[in-house]
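The values are calculated or read from the model by the stated rules, or taken from the named source; none is laboratory data. None of the values given here were measured: they were computed from a predicted structure. Because the Cβ atoms are built from the backbone with ideal geometry, glycine has one as well, and the counts that use them run over all protein chains shown. The accessibility values were calculated without ligands, DNA or RNA, using every heavy atom of the protein model including side chains. Shrake-Rupley method; radii C 1.70, N 1.55, O 1.52, S 1.80 Å.
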Amino acid sequence: MIDFSLTDEQKQLQQLARDFTRREITPIATEYDQKEELPWQVVEKAFELGLLNLGIPEHAGGLGLGMIDEAIIGEELAYGCMGIYTVLMASDLGITPILVGGTEEQQKRFLTPLTEKPSLAAFALSEPNNGSDAAAMNTTAVQDGDEWVINGTKMWISNGGIAEITVVFATTDKAGGHRATVALVVPKDAPGMSYNKIKHKMGQRASLTAELVFDNVRVPKESQLGGLGDGFKIAMKTLDKTRIPVAAGSVGIARRALDESVKYAKEREAFGKPITTYQAIQFKLAEMLMGIETGRLMTWKAAWLVDANKPHATEAAIAKAYCSEMAFSAAAEAIQVHGGYGYVGEYPVEKLLRDVKLNMIYEGTNEIQRVVIARNLLK
């Protein structure tokens, strides 16, 4: 039988994340959005509570939480601030290629240190000119004895430059397409690696997004995940998983939009009555709830497939595209419910709209999600 109830442990994780969000994230979300700074104290406190780097397996010293657990926690964290949640979520994104393509020894070597102090990981695939064409990389990796030498530039990298480890995808032959790609784990202190913070983002300003520059960066051959030519495959398998936390975060944003709208609508009066008495407002609230409940179920289904080791690419793509678009609509309607007040920073709903727009772009644009869905449908 199908069972949608959470286990006692999952309920505890949900409450832990909800309390953490209410206490540590929501009160500072506006401040760090305006400052365009990453609140490192949140990373430290998340580490103390076990809410950081959720996917590290037990054999590497982590909690080994499943994707359903990540989705439950992610929805709660994003409710407070999608930008701050992205800092934590992007670290799990950086960890996932090591889980997908690394040996158990590599997992212990690279991931165990992340369990010993507040630390982040990063995932470096996108470049200034390749965008959705992920296989068209210009960053090169050349073998020199027992080392790989990396040269090139990566763009739009969450946690870029401050992550303890970064999984970098590069090509050994620019004419070789995805069959010439490699995935290499690069430490934070690697000589020749530098970063430039990307400023003036529309939203998610509390997360650090950077350009990474590699100038003859050397890493040992033991830093390679999988074999020669496996880089692109590892990247795609990673994204098939990590699109699910993006969907969960979108559900969290939509839930916040609904809660803020209900709260405001109950207080606001028009023509002598609370605006909740008007169908124009009621329908907006109903549509938000319909989208939230539908999106959460799709997200949980995709997460369940991951945990059950079943194919999940289509479901993850559906969840990511549907939930991000649903949440964008919910945030837009929340602004409409608030009227002029929704358009200014006095209320949090304008930030929700700015933040959730990125969910429609990163980890594969929603146009790419539709390509994934259609290709799998037509196989």
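Couple of notes before you dig in:
- From the list Gly203, Gly291, the one residue that fits, being open to solvent by less than 60 Å² (accessible area, probe 1.4 Å) and in contact with a Gly (Cβ under 9 Å, 6 or more places away or on another chain), is Gly203.
- For region 269-379, the helices (runs of 4 or more DSSP H) that sit wholly inside it and include 1 or more residues that are closer than 17 Å to Gln204 by Cα are 313-338, 349-357.
- Taking the criterion of being buried (at least 24 other Cβ atoms within 10 Å of the Cβ) and in contact with a Phe, Trp or Tyr (Cβ under 7 Å, 6 or more places away or on another chain), the residues of region 115-138 that qualify are Ala124, Leu125, Met137.
- Test: residue in region 117-132 that is modelled with pLDDT of 95 or more, aromatic (Phe, Trp, Tyr), in contact with a strand residue (DSSP E or B) (Cβ under 9 Å, 6 or more places away or on another chain) and farther than 28 Å from Thr21 by Cβ: no
- Scan of region 108-158 for residues that are polar (S, T, N, Q), under 23 Å from Lys237 (Cα atoms) and assigned to a loop (DSSP other than H, G, I, E, B), ordered by number: Ser126, Asn129, Asn130, Ser132, Asn138, Thr139
Listed here are the residues, each with its yes/no results for (1) at pLDDT 95 or above; (2) not aliphatic (A, V, I, L, M).
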| site | (1), (2) |
| --- | --- |
| Phe283 | yes, yes |
| Trp300 | yes, yes |
| Ser324 | yes, yes |
| Gly339 | yes, yes |
| Val356 | yes, no |
| Ile361 | yes, no |
| Gly364 | no, yes |
| Gln369 | yes, yes |
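- The requirement of being modelled with pLDDT of 95 or more, open to solvent by less than 10 Å² (accessible area, probe 1.4 Å) and over 24 Å from the mean Cα position of the chain (by Cα) is fulfilled nowhere in region 231-253; no residue meets it.
- All of (1) open to solvent by 40 Å² or more (accessible area, probe 1.4 Å); (2) more than 16 Å from Leu63 (Cα to Cα); (3) out of contact with any Pro (no Cβ under 8 Å at 6 or more places or on another chain); (4) of a type in the set (D, E, K, R) hold for Lys108 with one exception: (2).
- Ala29 fulfils the conditions (1) buried (at least 20 other Cβ atoms within 10 Å of the Cβ); (2) part of a helix (DSSP H, G or I); (3) free of Cβ contacts under 8 Å to residues at least 60 places away in the same chain except for a single criterion, (3).
- Residue count for region 253-268, restricted to those that are of a type in the set (Phe, Trp, Tyr) and outside any helix (DSSP H, G or I): 0.
- Scanning region 333-352 for residues that are open to solvent by less than 40 Å² (accessible area, probe 1.4 Å) and hydrophobic (A, V, I, L, M, F, W, C) yields Ala334, Ile335, Val337, Val349, Leu352.
- Pairs where the first residue, in region 1-17, is more than 15 Å from Glu70 (Cα to Cα) and the second is loosely packed, with under 15 Cβ neighbours inside 10 Å and not acidic (Asp, Glu), C-beta under 8 Å, 6+ apart: Phe4/Leu297
- Picking from residues in region 1-26 that are of a type in the set (A, V, I, L, M) and open to solvent by 70 Å² or more (accessible area, probe 1.4 Å), the one that is modelled with the highest pLDDT is Ile2.
- Look at (1) surrounded by 19 or more Cβ atoms within 10 Å (Cβ to Cβ); (2) closer than 28 Å to Ala330 by Cβ and you find that Lys263 fails only one, number (1).
- In region 46-95, the residues that are surrounded by fewer than 20 Cβ atoms within 10 Å (Cβ to Cβ), in a helix (DSSP H, G or I) and touching a helix residue (DSSP H, G or I) at 6+ places or on another chain (Cβ under 8 Å): Leu49, His59
- Checklist (1) touching a Ser or Thr at 6+ places or on another chain (Cβ under 8 Å); (2) β-branched (Val, Ile, Thr); (3) under 24 Å from Val213 (Cβ atoms) applied to Ile95, failing item: (1)
- For region 33-45, the set of residues classified as open to solvent by less than 70 Å² (accessible area, probe 1.4 Å) and closer than 19 Å to Ile157 by Cα consists of Asp33, Glu36, Leu38, Pro39, Val43, listed by residue number.
- The set of residues in region 14-50 being under 26 Å from Ile198 (Cα atoms) and either in contact with a strand residue (DSSP E or B) (Cβ under 6 Å, 6 or more places away or on another chain) or among the hydrophobic types (A, V, I, L, M, F, W, C) (or both) consists of Ile25, Ile28, Ala29, Leu38, Trp40, Val42, Val43, Ala46, Phe47.
- Per-region count, region 164-200, residues open to solvent by less than 40 Å² (accessible area, probe 1.4 Å) and polar (S, T, N, Q): 3
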